[in-house]
């Protein structure tokens, strides 16, 4: 039987997806994020925070068991990062428009994959914190750009 920490770290098996598991997890995070946004920005913030805290524990434990620093099957970090990127949608009450969700997804994936500074630097932190931190920073970058875009009504 698979340990509970591994189930959480892999988001109940999404991390074993054969092609781009991080992108798959980010995509699955969108409708779940939409549900959180329906309950207000506070719910979206709590959801992202809980995903991050649970991920530090679950991904850290799974990585130790797997003997690797950041196993590709650990995708709870993508969920936390994607939900972080969605926060401006909740703050600005744009949860009924699909376009900000698409932009948040694309921006988050761009920063998570290319890992500009300080995203790459955050990844060097130890254990589960390092696994989660780079995605939170990538999500924050995406959120900042999305917020600016929504504020000036480009989307």
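Computed from the coordinates by the stated procedures, all read-outs in this text should not be read as laboratory data. Keep in mind it's a predicted model, so treat the numbers as computed, not measured. Note that each Cβ is placed from the backbone with ideal geometry, even for glycine, and that neighbours are counted across all protein chains shown.
Entry note, the stretch 65-154: relative contact order of 39 percent, from Cα contacts under 8 Å with a spacing of 6+ residues. Put in line by how crowded their Cβ is, counting other Cβ atoms within 10 Å and starting with the fewest, 70, 112, 97 read 97, 70, 112. Rounded to the nearest Å, what's the spacing between the alpha carbon centres of the stretch 107-126 and the stretch 25-56? Just the number, please. Result: 19 Å between the Cα centres. Relative contact order, whole percent, for the stretch 4-151 stands at 29, derived from Cα pairs under 8 Å and 6 or more residues apart. For the listed peptides 33-40, 48-55, 138-145, 84-91, a ranking on the average number of other beta carbons within 10 Å per residue, highest first, reads 84-91, 138-145, 48-55, 33-40.
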